[in-house]
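Only one structure is covered here, and it is reproduced in the block below.
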Amino acid sequence: MPNKEDIARKLDIARVDLLGLIRTDVALVRAGGTDGGEYCGPCPFCGGEDRFRVWPADDRRADRRGKFWCRQCGKQGDALDYLQARDGVSFEVAQEQLFGNNGRQAVRRAVETAAAANGSTEEEPPYYGDTWAARASQVIEDSEYALWSPEGERALSWLHARGFTDDVLQRARIGYNPTDRDDGRDQWGLVGGKTPWLSRGITLPYFSGGACLRIQIRRPVGEPKYSTITGSQNIPWNFDAVDGAKPVVVTEGVFNALTVLQHAGDLCVAVATGGTSLAREARWVSRLKAAPVVLVAFDADMPGDKASEWWINRLDRATRWRPAWGDLNDMALGGVDLRVRIARACVGI
């Protein structure tokens, strides 16, 4: 069976702006002009000061993809290797970070073509497309119905206790899945991998371009507190609302973003990354750079502080907006006027 990683690296989609990608992490200076140029600077992995090298893609040579190499720690490769090493993610996640779902589709088609030429009938890894989005839409509709029915009474009471109004819950299409269950791979358009598992709990849909592309479920008991349905894309919550005109408040979880939306949705855009190390793709970072103000409001703890540094180092108009305690929802429940705080923070930067 053809190796999908080899095929991905040979496709035109692998010819990305590696120099621009790495420059979001470290400063690089031009050290040579042969074959598209050579750049040097500090290594983002080992901390070496001047032994890190980057060679951008050369449009004059079809075989020349961008590559990097640290002469001190030995890290090397192309843009996909760089993201895997930097963020500690799989090849598939790195591929999605650079190219989105279209990149995965292009690789899949190339793999299938090569497999057919070789007479192979082996199944490929999971593919997530329109079928997944259609099934997700049905799950969200069913969950919405359940939340506002008698079987969702306890879940709705819990949400009300967290301070959420019916209006904001309905706008965000929050729902409730009443039972733990397996959901068949074929219903989601998956051709391999794990069977989708739907945990009992409050459903949190992530939309992009009008389609639901990710579903998290807040479980009532057990660890982890949140589960994500197999095939969900690594997209932030409410990111389509980022327009470059309004300030943006970036939170870890959907409930904190909902809190911002409820108290100050007319003043700013509320975005949730879905986790401290998620949504770090170049496409999300570049859109946030256009925002007039970015308040990084991750939880008031060490992981939240560390993750906030990552964003502040890449966004010129970003600042750490640390909750006074816990998270933003905790503050709102404690009586803090978030609307006034957000308004002051946006003006004061």
What spacing in nm lies between the two simple spin-label points modelled at ARG173 and ARG283, each 7 Å away from Cα in the Cβ direction?
-> 1.8 nm
Pull out the extension gain between THR195 and ASP243, defined as 0.36 nm times the separation in residues minus the alpha carbon to alpha carbon distance; nm, one decimal.
-> 13.6 nm
Förster radius 35 Å - calculated FRET efficiency between VAL29 and ASP301 (Cβ-Cβ, nearest 0.05) = 0.40
In Hz, Karplus ³J(HN,Hα) per residue of region 153-159 (6.51, -1.76, 1.60; θ = phi - 60°; x = Gly, Pro) = 4, 5, 5, 5, 4, 5, 5
Residue-ordered couplings for region 304-320, obtained by feeding phi - 60° into the Karplus form 6.51 cos²θ - 1.76 cosθ + 1.60 and rounding to whole Hz (Gly and Pro as x), are x, 5, 5, 5, 5, 4, 4, 6, 5, 5, 10, 10, 5, 9, 9, 9, 6
Given R₀ = 41 Å, FRET efficiency for GLU141-ARG314 by Cβ-Cβ distance, to 0.05?
-> 0.65
In vacuo Debye sum over C-alpha of region 239-348, base-10 log of normalised intensity I(q)/I(0) at q = 0.11, 0.17, 0.20 Å⁻¹, listed in q order, is -0.28, -0.70, -1.01
For region 163-262, how big is the tail of P(r) above 18 Å, as a whole percent of Cα pairs?
-> 52 percent
Over the Cα atoms of region 130-195 the radius of gyration and the largest Cα-Cα distance (Dmax), both in Å, equal 14.0, 41
Could you list which residues have their amide H under 5 Å from that of THR230, counting only those 5 or more apart in sequence or on another chain, with H placed in the peptide plane?
-> TRP197
Sorted by mean Cβ packing within 10 Å, highest first, what order do the peptides 261-271, 20-30 take?
-> 261-271, 20-30
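Each reported figure results from applying straightforward, stated rules to the coordinates on display, with no laboratory input. On a predicted model such as this, the values are computed, not experimentally measured, just so you know. As a convention, Cβ positions derive from the backbone with ideal geometry for all residues, glycine included, and neighbour counts pool all protein chains shown.
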